[in-house]
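Note sheet for the following structure.
The values are calculated or read from the model by the stated rules, or taken from the named source; none is laboratory data. No experiment lies behind these values; they were computed from the predicted model shown. When we count neighbours, we look across all protein chains shown, and the Cβ atoms used for this are built from the backbone with ideal geometry, even at glycine. What goes into the accessible areas is simple: the full protein's heavy atoms, side chains included, and nothing from ligands, DNA or RNA. Shrake-Rupley method; radii C 1.70, N 1.55, O 1.52, S 1.80 Å.
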Amino acid sequence: MTAPTQQFTVTRTDGELAARALMYAVSELSLMRVTGQGGAAYAHLQVCPSGARYRSVVDGMSPRAARELTNGYHANFHHPVLYAAALRLGAVRLAELVPMSRSLRAVLVAAPAVAATADITENVVNLYLHRDTRRITDTTATVSSALSIVKWGGTVGPLAYMTVGFLPIWGRAVRDRFARGR
């Protein structure tokens, strides 16, 4: 990653990015609360190696955990839209501050939308599978896992890249602000 092309100045886009990031964080906390006891099963189901393993996780949940996990899937339909919007805006803002190729910018902008689509589809698949565990096969577990991998790759990858890009910029801006204030 190359150095910024200019000194960092806070813009309206930065304010909107901060607001979207805050909305995402509140949504994430809300999902954790709603998912409750189903959270452990959710984590185990993200990448399940077989239908038998997937089924054993679902069958091993208490009725409360199963209900809360289902509630979490239902509540999770808006969440991907929030993180995709925040990540997309972050990519646009970083491209304004740091020189990057058009193809990298395109990937950083598109990946969150692909991830959000995979996340929503994964929710639908998992709700379908949880309604009747006889639907859980190696193929359906693989589909759910593949969607999860796309979701995590399309969110964590761009987030990590943008974090590496933004931290030095924000660090310099804070340092410069304190230096001017003395």
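Brief remarks follow.
- Sum of side-chain charges, residue 72 neighbourhood, beta-carbon under 14 Å (Lys, Arg +1; Asp, Glu -1): -1
- Projected-area mean, the stretch 36-128, by convex hull of Cα positions, square nanometres: 7.1 nm²
- Rounded to two decimals, the Cα-based Rg/Rh of the chain, with Kirkwood Rh, is 1.09.
- Take every Cα pair under 8 Å whose residues are at least 6 apart in sequence, average their separation, divide by the length of the chain, and the relative contact order is 31 percent.
- Rounded percent of accessible protein surface that carbon and sulfur make up, the stretch 27-109, 1.4 Å probe: 61 percent
- For residue 145, net neighbour charge (Lys/Arg +1, Asp/Glu -1) across residues whose Cβ lies under 11 Å away: 0
- Distances between placed amide hydrogens fall under 5 Å for residue 46 paired with no residue 5 or more residues away or on another chain.
- Calculated [θ] (222 nm, deg cm²/dmol) that DSSP helices of n ≥ 4 give over the chain, each run adding -39,500 (n - 2.57): -28000 deg cm²/dmol
- Rounded, prolate or oblate (a/c below 1.5 giving rounded, otherwise prolate when a/b exceeds b/c) for the stretch 48-91 by Cα gyration tensor: oblate
- GNM result for the chain, Cα springs below 10 Å: residue of 116, 106, 146 fluctuating most strongly: 106
- Three-way shape call for the stretch 83-177 based on the alpha-carbon gyration tensor, with the a/c threshold at 1.5: prolate
- Rolling a 1.4 Å probe over the protein heavy atoms gives the stretch 47-127 an accessible area of 44 Å² per residue.
- The translational diffusion coefficient of the stretch 11-87, from Stokes-Einstein at 37 °C and 0.692 mPa s with a Kirkwood hydrodynamic radius over alpha carbon pairs, comes to 239 µm²/s.
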